[in-house]
Amino acid sequence: MMKVVLITIVIVGALLALMILFQILASFRRRTGDLPPDLLDGELPNGDEKPGMYLGTFQKGWKKPLDPSGLLRKGPGKFWVDEKGVNFLVNHAFQPVFLPFSRIFDSGVEPVNMRKYRDEKALVVHWMLDGKTCRSAFLVKDEDHHKLAGRIKESGTYSKAEA
């Protein structure tokens with residue numbers, strides 16, 4: 001009986017150690033620094049928002065989400081575009097995800113290759129952070145994604161030539 005308990009304790013300890021090691025290694029792949037101040041300049045919605053889903057911000061493919069503080073939380077919420085940029089307020093969050101037009105250089109509609117949303121068409125906003133191209137993906141309900149992408153693309157003022 002003692003042998004079974006000892007083996008169980010060793011197995012549980014080994015699994016915990018592997019989980020901790022996995023979390024440490026996974027954190028090396030993600031950005032952990034703070035966001036520049038202009039990405040925290042979003043304001044709360046004024047009534048022109050649409051329900052939607054923030055799928056995350058990515059640099060390469062759909063498997064490695066960018067993880068700076070402020071862009072951590074994905075999920076359902078409210079999407080809107082104002083005179084300063086693109087905003088998304090995740091439900092129960094206090095600060096919206098904010099992408100100023102000064103950082104946006106393109107937007108479009110792309111199929112998402114994430115497990116839960118595979119092949120759904122999402123609004124994808126292309127923008128710059130620390131000289132690197134980022135892609136933030138949104139599913140916006142009851143909205144023509146192509147029309148919205150065109151509006152965002154026209155308003156984006158960042159030129160990749162500036163980098």
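The values are calculated or read from the model by the stated rules, or taken from the named source; none is laboratory data. It should be emphasised that the depicted structure is a prediction, and the values quoted were computed from it without experimental measurement. Counting neighbours? That spans all protein chains shown, and the Cβs are built from the backbone with ideal geometry, glycine included.
Assorted remarks:
- Residue identified as in contact with a Leu (Cβ under 6 Å, 6 or more places away or on another chain) and within 26 Å of N46 (Cβ to Cβ) among F138, F101: F138
- Any hit, the stretch 57-74, residues being out of contact with any strand residue (DSSP E or B) (no Cβ under 8 Å at 6 or more places or on another chain), modelled with pLDDT under 85, in a helix (DSSP H, G or I) and within 19 Å of K132 (Cβ to Cβ): no
- Counted residues, the stretch 89-112 - those being modelled with pLDDT of 85 or more, among the hydrophobic types (A, V, I, L, M, F, W, C) and surrounded by fewer than 19 Cβ atoms within 10 Å (Cβ to Cβ): 1
- Filter result (among the charged types (D, E, K, R) and either at pLDDT 65 or above or closer than 20 Å to G52 by Cβ (or both)) within the stretch 148-163: R151, K153, E154
- Residues (touching a His at 6+ places or on another chain (Cβ under 8 Å) and surrounded by 15 or more Cβ atoms within 10 Å (Cβ to Cβ)) located in the stretch 113-132: A122, L123
- Screening D82 with (1) farther than 21 Å from P36 by Cβ; (2) modelled with pLDDT of 85 or more gives one miss only, at (1).
- Scope the stretch 93-125; condition farther than 20 Å from K153 by Cβ and under 13 Å from the mean Cα position of the chain (by Cα); matching residues: P96, M114
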